[in-house]
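Below you'll find the structure, written out as structure tokens, and then a few comments.
Derivation of every value follows stated rules applied to the coordinates shown; laboratory data play no part. Keep in mind the model is a prediction, meaning the values are calculated, not measured. FYI the Cβ positions are ideal-geometry reconstructions off the backbone, even for glycines, and counts take in every protein chain you see.
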Amino acid sequence: MSAPVVAAVVLAAGGGRRYGMPKALVEYEGSLLVERAVRTAREVCDPVLVVLGARAVDVWRQADLDGAAVLANRDWETGMASSLRTGLDGLRGWPGRVDAALVTLVDMPGMTADALRRLAAHAAPDALAVATYDGVRGHPVLLGREHWAGVIETATGDEGARRYLAGHDVTEVDCTGLADPTDLDVPPPAGTVAP
């Protein structure tokens, strides 16, 4: 039997209100956050879908998204759930079978291919898995295709899949030490050097 096909869905549509600009366009250690997220995902997944929203045309023009399919979320201002729905809908129409989606966020520059691989190892059409760091749930999240319709139906606002996951058995996958789960919510204070 062939290995499950795992697609990555990079959520990169937000306007970054607290940050002051869309995080997809934030430069971090020499590349844009969206480029880092796509590059990391491509090490593990094929296909890679990146969901854009705020200033999508600017992101598309400025970022090297080679090897990723770009989806536009027109409803990005309603919250992360609309981007998750956009990504999963894109996968449902993908040519060729995809068994599971690995959902990752643009604003986690410390995400690693090792953490994605550890989650992807649990891929199956009925899989539900979430990365934990020191016992706290975080990202990425693995959603088997049998769950996509339910996630699309229940995802609202900025919650994403949280409500759906709360009502189901979820495998917690310890990624402590494999990746830094910190998200970039606000820019570094003035006078400090950005990472």
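Details
- Applying Stokes-Einstein at 37 °C and 0.692 mPa s to the Kirkwood radius of region 6-174, computed over alpha-carbon pairs, gives a translational diffusion coefficient of 211 µm² s⁻¹.
- Degrees separating the helix 33-42 axis from the principal Cα axis of the chain, which is the longest one: 30 degrees
- Compactness check for region 65-154: Cα Rg over 2.2 N^0.38 Å is 1.09.
- Spin-label zone in region 87-114 - amide nitrogen under 13 Å from a point set 7 Å from the Cα of residue 180 along the C-beta vector: 108-112
- Calculated from the alpha-carbon coordinates, region 1-98 shows an Rg and a Dmax of 13.4, 48 Å respectively.
- The local environment of residue 10, defined by Cβ-Cβ distances under 14 Å, has a net charge of -3 under the rule Lys, Arg +1 and Asp, Glu -1.
- Positive-end ranking of 28, 123, 56 along the dipole of the chain, with charges on Cβ about the Cα centre, is headed by 56.
- C-alpha long axis of helix 80-92 to longest principal axis of the chain, angle in °: 50 degrees
- Theoretical gain in end-to-end length, residue 159 to residue 137 [0.36 nm per residue, Cα-Cα removed]: 6.6 nm
- Charge sum, other residues only, whose C-beta stays under 9 Å from residue 144's C-beta, Lys/Arg counted +1 and Asp/Glu -1: -2
- Note on the chain: helix-only mean residue ellipticity at 222 nm, from DSSP H runs of 4+ residues weighted -39500 (n - 2.57) and normalised by residue number, equals -7000 deg cm²/dmol.
- Fraction of antiparallel bridges per DSSP, the chain only, in percent to nearest 5: 35 percent
- For region 145-161 versus region 1-57, the gap between their alpha-carbon centres in whole angstrom: 19 Å
- The label point for residue 168 and the one for residue 146, both projected 7 Å from the Cα toward the Cβ, are 0.9 nm apart.
- Gain upon complete extension [residue 72, residue 97; 0.36 nm per residue less C-alpha separation]: 6.8 nm
- Per-bin percent of Cα-Cα distances, region 149-188 [10 Å]: 22, 33, 38, 7
- Total charge dipole magnitude, the chain, about the Cα centre, Cβ charges on Lys, Arg, Asp, Glu only, Debye to nearest 20: 360 debye
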